[in-house]
Amino acid sequence: MYGRLTDDELVKKIRLFNDRYAIEALFERYVHLIFGICLKYLKDTELSKDAVMEIFDTSLNKISGTEISNFKGWIYTVTKNHCLMKLRKNSSSRRHQEEIMQNLKEEIMESDIRLNLINEEDHNADTDYLSSAMTKLKKEQEECIRMMYLENKSYKEIADLTGYSLKQVKSYIQNGKRNLKILIMNSNGRK
């Protein structure tokens, strides 16, 4: 029955009766368009599938509160905006993580060693090296440093999550920072 209704009739059912079957009928009609738009912007099949479900879940509320004269144009815009927001958020997260890694590196190297970042490529190489160097630490040190600096956990939170004592957590972080400093100094040709 719903498959025979026009887009406008389905939108009207959603607005008047909050009809979930009407929105399902609209999405069956436009799921390929939505997925195609997501794939175009996100360039990843799994992320695009997730985005389609997110758009489906949030659209019922949006349709109820919005005057829609052309559903196809409206859903295209909603999908495009959703994808752009996801891309901005991911980009912001990557920049934030790079900043955290840079701050961690500076703290490890302390004030007596100057970091000479000539350009962004060097900065990215340093950040990549720090990530790589962290994997060379003992498991406990890497785990505690990641939680402290990348996840912004306190000593107590780390102790609660890992089962280590507070004293162990502090020791793992202190020793891990010292070991990272040695690894970084050796990579820069400083002995």
Within a Cβ distance under 13 Å of Ser64, other residues only, what is the Lys/Arg minus Asp/Glu net charge? +3
In straight Cα distance, which lysines are under 17 Å from Lys136, not counting same-chain residues fewer than 8 positions off? Lys105, Lys177, Lys181
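What is the fewest-to-most order of Cys144, Cys38 by other Cβ atoms lying within 10 Å of their Cβ? Please report the intermediate quantities before stating the final value.
Details: Cys144 29, Cys38 25.
Ordered from fewest to most neighbouring Cβ atoms within 10 Å, Cys144, Cys38 come out as Cys38, Cys144.
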Please label the shape of the range 2-92 as rounded, prolate or oblate, based on the square roots a ≥ b ≥ c of the eigenvalues of the alpha-carbon gyration tensor (a/c under 1.5 means rounded; beyond that, a/b larger than b/c means prolate, else oblate). prolate
Counting other C-beta atoms within 10 Å, which of Ile63, Ile184 has the fewest, and how do the rest follow? Ile184, Ile63
Ranked from fewest to most other Cβ atoms within 10 Å of their own Cβ, Met185, Met148, Met53 fall in the order Met53, Met185, Met148
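Quick note: the coordinates plus some simple rules give every number you see, no bench work behind them. Since the structure is predicted, the reported quantities are computational estimates derived from the model, not experimental observations. Cβ atoms come from the backbone with ideal geometry, glycine included; neighbour counts cover every protein chain shown.
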